[in-house]
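The values are calculated or read from the model by the stated rules, or taken from the named source; none is laboratory data. Because the structure is predicted, anything quoted here is derived from the model rather than measured. Here the Cβ positions follow ideal geometry from the backbone for every residue, glycine too, while neighbour counts run over all protein chains shown. These accessible areas exclude ligands, DNA and RNA; they are computed on the full protein's heavy atoms, side chains included. Shrake-Rupley method; radii C 1.70, N 1.55, O 1.52, S 1.80 Å.
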Amino acid sequence: MKKISILGSTGSIGRQTLDVISQHPDKFSVVGLSAGNNTELLIEQISKFKPIVASVADEESAKLLRSRVNSSETQILYGQLGAEAVAKIDEADLVVSAMVGASGLRPTMAAAKSGKDIALANKESLVIAGEVLTDEIKKSGGKLLPIDSEHSAIFQALECGEKGHVKQLILTASGGPFLNTPTDELEDVSVEIALNHPTWKMGKKITIDSATLMNKGFEVIEAKWLFGFEADQISVWIHPQSIVHSMVEYIDGSVISQMGKPDMRIPIAFAISYPERIRMNCSTVSPESFGDLNFQDVDLKQFPALSLAFDALREGGTLPSVLNGANEIAVSAFLSGQIKFPGIVSTVKKVMELHDTQPANTLEVVLESDRWARNTAQSLIAN
Ligand SMILES: NC(=O)c1ccc[n+]([C@@H]2O[C@H](COP(=O)([O-])OP(=O)(O)OC[C@H]3O[C@@H](n4cnc5c(N)ncnc54)[C@H](OP(=O)(O)O)[C@@H]3O)[C@@H](O)[C@H]2O)c1
């Protein structure tokens, strides 16, 4: 029986993780749940999974929760410290890190410091603090298992050869809702259209990141920290059907891909059950369900966010953290109608240009650059 804590249990990844766990009650149990403000859903989850500890974003929500759940069964905590407590609870063997954005960094660090195995969806943690987080995981001896479908694919494809024999990692990208939209029409796209992803149903922030392709840029940085490859060994190809989740090309010309329907429960199941495989309730694939598979290069004029992420990866230090912090502010400004869609990437670009990159070898430095990027993005947007 593997005991699991979930950070971000009320989100898209959190709910799908609980779905996988529900299909295998003989293999998994839930010992910790952490959410933001969706107390109603968290109450349902607590009553079904009976964790030892649960946490919410603020004291008000914690009070509400305490009045509605059996507190002799589940301890209710709140805030950053609450999420960290869920991440490091002694009973957990594995922590699913699925909060959104930089809010996931400290709890993920807490899991790393406690030597937990981490199934990572919160890619922003690795973008902001790749060096610090991976060093901590190495020190404490836990495993870092990817949940992102692309990285799950690469993880599996890398098991077919030696690292020294890899020519390149090829991350696939659906291209999002604006793959075929002329750039001059992006000025007027609505939030609703930007949130309408053609192949994946996800939380709002990652859906907007998928529309700009910033998400793919983050995944390029994530790939560096997960697998230890540099920018010139990582490529991105557009693959609108999201069936080939990513590939590894070896020096002998073999290309190993991992394929499957676009369903996040598949990589979640792989990550939480690793090194075993568990049976999933998926329909068997057929030629019709895969259909035609197409691949093309990314047009960087259409998707300049990807170039910014490669720039940040090549320069390193605090620049990836600045890329992420500025992007979080710009995405929420777009979602609240303060800026237009192209303003997301132009804001991030300006903040990066204003930044004086420092080495990013402590959590404090990384968090300071994140704060600076948010403040700078906010004042650019306000002006
Ligand atoms: N969705 C996908 O298919 C997918 C695929 C690959 C990777 N990822 C990555 O997985 C992560 C989560 O994505 P998602 O789509 O699941 O996001 P989401 O649906 O927006 O869920 C985010 C979760 O984080 C919680 N949360 C947000 N702010 C918080 C705070 N300050 N304190 C505590 N909890 C907080 C939310 O709680 P409340 O809802 O209760 O407020 C929710 O449980 C992201 O890093 C994303 O890039 C997602």
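Can you find, among Ala129, Leu313, Pro359, the residue farthest towards the positive end of the dipole of the chain? Put +1 on the C-beta of Lys and Arg, -1 on that of Asp and Glu.
The Cα lying farthest towards the positive end belongs to Ala129.
What is the percent carbon and sulfur in the accessible area of the stretch 1-70, measuring with a 1.4 Å probe over the protein chains and ignoring ligands?
Here it works out to 50 percent.
Carbon and sulfur together cover what percent of the accessible area of the stretch 237-383 at a 1.4 Å probe radius?
Percent of accessible area from carbon and sulfur atoms in the stretch 237-383: 51.
Using a probe radius of 1.4 Å on heavy atoms only, what accessible surface per residue do you get for the stretch 147-284? Whole Å² is fine.
Averaged over the residues of the stretch 147-284, the accessible area is 42 Å².
Which of the lysines could a cross-linker span from Lys88 if the Cα-Cα distance has to be under 24 Å and same-chain partners fewer than 8 positions apart are dropped?
Filter leaves Lys2, Lys3, Lys27, Lys48, Lys50, Lys63, Lys113, Lys116, Lys123, Lys138, Lys139, Lys143.
If you put +1 on each Lys and Arg Cβ and -1 on each Asp and Glu Cβ, how big is the dipole of the chain around its Cα centre, in Debye rounded to 20?
It works out to roughly 1020 debye.
From the P(r) of the chain, could you give the percentage of C-alpha pairs in the tail past 36 Å?
Everything past 36 Å amounts to 20 percent.
If the cut-off is 16 Å between C-alpha atoms, which aspartates and glutamates fall inside it for Lys216, apart from same-chain ones fewer than 8 positions away?
Cross-link targets: Glu124, Asp148, Glu150, Glu230, Asp232, Asp297, Asp299, Asp311, Glu328.
I'd like the distance between the alpha-carbon centres of the stretch 147-199 and the stretch 1-69, rounded to an integer number of Å.
Spelled out, the Cα-based centre of one part sits 29 Å from the other.
Where does the chain land at 222 nm, in deg cm²/dmol rounded to the nearest 500, when only DSSP H runs of n ≥ 4 count, each adding -39500 (n - 2.57), divided by all residues? List each step's numbers first, then the result.
Details: 16 runs with 183 residues, N = 383.
Calculated at 222 nm, the ellipticity per residue is -14500 deg cm²/dmol.
Give me the percent of accessible area attributable to carbon and sulfur for the stretch 101-164, probe 1.4 angstrom.
After summing per-atom areas, the C and S share lands at 44 percent.
What FRET efficiency comes out for the pair Lys27/Lys204, r = Cβ-Cβ distance, R0 = 35 Å, nearest 0.05?
E(calc), rounded to 0.05, equals 0.65.
Skip the ligands, DNA and RNA, and give the accessible area per residue of the stretch 1-119 with a 1.4 Å probe, whole Å².
Here the per-residue accessible area is 41 Å².
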